[in-house]
Structures are given as C-alpha cells and as structure tokens.
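Asker: The following block contains the structure, expressed as structure tokens.
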Amino acid sequence: METIKTKAYGEIQVEKDTEIFFKREILGFEGFKYYYLIEMGDLPNFYWLQSKEEPELAFIVVNPRLFKPDYVLNIDASDLQLLELEDGEEIVDFVIVNIPEDVTKMTMNLLGPIVINANKRIGIQAISLSNDYGTKVPIFTNLESTENKGE
Amino acid sequence: MLVLSRKEEESIIINDNIEIKIIGVKQDQVKIGIIAPKDVKIFRKEIYDEIQSANIAAASSTDKLADLAENIKDKLGKGGKSKKK
C-alpha cells in the first residue's frame, strides 16, 4: 500500500502502482498525467478521478449507462490505438460529472469520455464521434429541483 | 503560424497525405474540403474548446463536494431509484 493525497479525503491508502497513466491528458489539464480512480464510498457507482500530481485536482466520474442506458462509446480507432488494447484486455469508460449548487441539476459530459485500458492502466480523454452527445447532459431527468421544493 | 493565401479550388498538402482544399468563399464563410487518411481525426476546434471548458467547470465543481455527497445520496435514494437496475 502507499499513501496518496486526495482532494476529498485527505491522505488515504491505496494499492501500490494503481495509478492510471493518461497518455492523452484531460483537455485543459495538460501536464497532469497520472490519476487514481477512487470509489466514492458514500455514493455507489461514482468515482473520484484524483490527480496524483496535484491533490487539489480531482474529477467525479460515472458510468453514463447508469443514467443513459442506450449510451454508446463511439471513439476513433486511433484513440483505441493509444490505449494499446490487446486481445483479452478490457476497456472501462466513464464520463465526467459537473455538480452545480443545485445537485439535482448535475450534468455529465458525454462528448469527452474518459476511456481506460483496465489491464495496462492507460487512459485518455477521447472525443465522441456521436454528434448528438453534448457536454452538459442532465443526469437526473425525473427529479424536481431542490430550489423549488425547499426539501 | 504559417500563413498562406489560397484561392477557390486551390489546395494545401500537409505531410504528403492530407489535402486541404478551399471549396468556396462566400461573404464571411470559407468552405473547406479535407482529404485525409482514415486514421486522421478531424474535429472542429469548438469541440475541443467545449470539452475543455466543461472539464474546467467540472473540476472546480468538486470544491464543495464533501457535504454535497450526502445530499446526492439522498436524491439517489429517493427519486433516482428508478434509474438503477
């Protein structure tokens, strides 16, 4: 095990050598090449994508199919090449979540999916080839806003 | 930046295998044709900009997340349930 610094939980222990190398970095965050994928204990299916190099840099990611069952990962063959995918190796993909003040208005970015070769721990932010996928797709479509409801 | 002047129907060749051709010029719009190998990715730059600003917004949206996590869990527990299998 090794100790890492995280934005959400401070110092935590993770398995050694479990960081993911981002061969193509997250757009706008070039230079940050290593991330840990950390389960959000209190929120099933959501993960922190925590920068190894900058503790204050972290994204929340989720499997988009949880909220959009017909979601299809459609990326360029050259992106798959970057992931060095070989027979028997597995891809896992996520999308980045944006959490505004009103959490019922959470959105996910389907246009720039995070794609990871789970075996080699290589990641990229890809660009979806599906034209109808936007960067601000609402996650909850059947929830009222807390603003209106006042809990 | 390399700047070249081209007229309609004229082209630029990049790296021997990518041709960028000016198809037409109308008022403030230029129509460009691109012939490139299949493995060359071509996107409008706005796509990159859009993803980049979404990333930046998402990264800063995690600032106040510690207490929000509870709130979201609540939501999932209530209305979001039908979304799960």
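Asker: Taking only the stretch B:22-42 into account, find how many residues are within 22 Å of B:Arg6 (Cβ to Cβ), within 14 Å of chain A (Cβ to nearest Cβ) and surrounded by 11 or more Cβ atoms within 10 Å (Cβ to Cβ).
Answerer: The number of residues fulfilling the criteria is 2.
Asker: Could you tell me which residue of the stretch A:87-119 is farthest from A:Ile38 (Cα to Cα), considering only residues that are among the acidic types (Asp, Glu) and touching a residue at least 12 places away in the same chain (Cβ under 8 Å)? Steps first, please.
Answerer: Taking the stretch A:87-119 first, the residues among the acidic types (Asp, Glu) are A:87, A:89-90, A:93, A:101-102.
Narrowing the set further to residues that are touching a residue at least 12 places away in the same chain (Cβ under 8 Å) leaves A:89-90, A:93, A:102.
Numbers: A:Glu89: 21, A:Glu90: 18, A:Asp93: 14, A:Asp102: 24 Å.
Checking each candidate, the answer is A:Asp102.
Asker: With respect to A:Ile20, is the statement that it is in contact with a strand residue (DSSP E or B) (Cβ under 7 Å, 6 or more places away or on another chain), aliphatic (A, V, I, L, M), over 16 Å from B:Ala58 (Cα atoms) and within 10 Å of another protein chain (Cβ to nearest Cβ) true?
Answerer: no
Asker: Out of A:Ile122, A:Ile139, A:Ile60, which single residue is touching a residue at least 40 places away in the same chain (Cβ under 8 Å), facing chain B (nearest Cβ under 10 Å) and β-branched (Val, Ile, Thr)?
Answerer: Going through A:Ile122, A:Ile139, A:Ile60 in turn, the sole match is A:Ile139.
Asker: Residue check: is B:Asp49 under 18 Å from the mean Cα position of the chain (by Cα) and at pLDDT below 90?
Answerer: Spelling it out, it is not the case that B:Asp49 is under 18 Å from the mean Cα position of the chain (by Cα) and at pLDDT below 90.
Asker: Which of the numbered conditions does A:Ile75 fail, given that it passes all the others? Conditions: (1) aliphatic (A, V, I, L, M); (2) out of contact with any Ser or Thr (no Cβ under 7 Å at 6 or more places or on another chain); (3) within 11 Å of chain B (Cβ to nearest Cβ); (4) assigned to a loop (DSSP other than H, G, I, E, B).
Answerer: Against the list (1) aliphatic (A, V, I, L, M); (2) out of contact with any Ser or Thr (no Cβ under 7 Å at 6 or more places or on another chain); (3) within 11 Å of chain B (Cβ to nearest Cβ); (4) assigned to a loop (DSSP other than H, G, I, E, B), A:Ile75 comes up short only on (2).
Asker: For residues that are more than 24 Å from A:Gln81 (Cβ to Cβ) and surrounded by fewer than 15 Cβ atoms within 10 Å (Cβ to Cβ), tally how many sit in the stretch A:19-44.
Answerer: Of the residues in that region, 4 qualify.
Asker: Could you say whether any residue in the stretch A:33-49 is at pLDDT 90 or above and touching a helix residue (DSSP H, G or I) at 6+ places or on another chain (Cβ under 6 Å)?
Answerer: No, there is no match, as no residue in the stretch A:33-49 is at pLDDT 90 or above and touching a helix residue (DSSP H, G or I) at 6+ places or on another chain (Cβ under 6 Å).
Asker: Something else about it: Take the residues of the stretch B:43-61 that are surrounded by fewer than 18 Cβ atoms within 10 Å (Cβ to Cβ) and facing chain A (nearest Cβ under 7 Å): which is farthest from A:Leu82 (Cα to Cα)?
Answerer: Once the filter is applied, the top-ranked residue is B:Ile56.
The values are calculated or read from the model by the stated rules, or taken from the named source; none is laboratory data. Every value quoted in this text rests on a predicted model; they were computed, and no experiment measured them. Cβ sites come from the backbone with ideal geometry, for glycine too, and all protein chains shown count toward neighbours.
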